[in-house]
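What follows is a short report on a single structure.
Only the coordinates and a few stated rules stand behind these numbers; no lab work does. Since we're looking at a predicted model, the values are computed, not measured. Here the Cβ positions follow ideal geometry from the backbone for every residue, glycine too, while neighbour counts run over all protein chains shown.
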Amino acid sequence: MEIHGLVFNIQRYSIHDGAGIRTIVFLKGCPLACPWCANPESRKEVAPIVWNKNGKSETIGTWYSVEELTKEILKDEIFFRASGGGVTLSGGEVLMQSEFAKEFLSEMKSLGIHTAIETTGCFPKDRLANLLPYVEQLLFDLKIFDKALSKKVIGSDIQLIKENFELANSFNETVELLPRIPLIPEYTTSQENLLSIRNYLIEQKINELHLLPFHQYGSSKYEYLGWEYKMKDTKLLETAEIQAIKELFEKANFTVNIEGLG
Ligand code: SF4
């Protein structure tokens, strides 16, 4: 039977989430429960979800075959070629639909389109290993390094995440591995957490990373879903706080890019 993937959004002309101008395909399904999640409609199982937006019921999630999704992506090919961009699979968690992702990325590669994925790495290692031959750039989110806190706050296994990170790093001749840290007040921005991540990246011989400051863009989606949004009163970080975190990494000779701040 032909494999299909469940997509909840396609975002064109993005200059984030990978090199050049990119088309981002958001795959539905995520086992984690980050309280700051800006795409709550992606969470839980790989199945369409219904929300109520401005009094209208809407189903989120469309099934695509590899051929159908390829047709969508090729509409932007001219921008990829001109900018060195390509396609990025995001989520949700891409590894929830790893078989579809593999088929699709393999097709993209055969067409000469640059491929990237964004992952939390919180899945059995064989899923990532199967995907890596078709991935050129891997945006790997690192969030909370304390084992108990990571389990409690987002439901993830930090040991597994590290093992997957190291697996990805072992593909460094073909895969550009780029760690990204979401800067979430009260959760990821403690000195202890940031220093644990910094030390780990030094051990892994990584010298570049991206910081993703907390934002509130997803808050209205919780209302549409009828879900509680625990971070609705959380303030954004001050520019000086973000700068101090950037310097913490720069002091250890990292090249640091802050996404969303130009
Ligand atoms: S891993 Fe990403 S998609 Fe999943 S809950 Fe966390 S922020 Fe949301």
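Odds and ends about this structure:
- Mean separation of Cα contacts under 8 Å, 6 or more apart, over the residue count of the chain: relative contact order %: 18 percent
- Taking the fewest neighbouring Cβ atoms within 10 Å as the starting point, the ordered list for 66, 25 is 66, 25.
- Computed from phi, the 3J(HN,Hα) profile of the stretch 76-83 under the Karplus parametrisation 6.51, -1.76, 1.60 (θ = phi - 60°) reads 9, 4, 4, 6, 4, 5, 6, 10 Hz, with x in place of Gly and Pro.
- Beta bridges by DSSP in the chain, antiparallel share as percent, to the nearest 5: 35 percent
- Taking the charge dipole of the chain about its Cα centre, with +1 at Lys and Arg Cβ atoms and -1 at Asp and Glu Cβ atoms, the residue from 14, 38, 1 reaching farthest to the positive side is 38.
- Amide proton proximity set for residue 211, modelled H, under 5 Å, gap of 5+: 181, 257, 258, 259
- Once the Cα-Cα distance is subtracted from the 0.36 nm per residue extended length, the residue 196 to residue 230 segment shows a gain of 9.7 nm.
- Karplus-based coupling profile of the stretch 186-194, in residue order and whole Hz: 6, 10, 10, 9, 5, 4, 4, 5, 5, with θ = phi - 60° in 6.51 cos²θ - 1.76 cosθ + 1.60 and x standing for Gly or Pro.
- For the stretch 4-258, the dipole from Cβ point charges (+1 on Lys and Arg, -1 on Asp and Glu) about the Cα centre works out to 380 debye, to the nearest 20.
- For residue 83 and residue 203, the FRET efficiency from 1/(1 + (r/R0)^6), where r spans their Cβ atoms and R0 equals 41 Å, is about 0.75.
- Rg and Dmax of the stretch 4-258, both derived from C-alpha coordinates alone, stand at 17.8, 52 Å.
- Peptides 182-190, 124-132 ordered by average Cβ neighbours within 10 Å, highest first: 182-190, 124-132
- Rounded to the nearest 500, the 222 nm mean residue ellipticity of the chain from helices alone is -10000 deg cm²/dmol, with -39,500 (n - 2.57) taken per DSSP H run of at least 4 residues.
- Projected label distance in nm at residue 162 and residue 109, using a 7 Å step from Cα toward the beta-carbon: 2.9 nm
- Residues whose amide H lies under 5 Å from that of residue 53, counting only those 5 or more places away or on a different chain, are 58; hydrogens are built 1.01 Å from N in the peptide plane.
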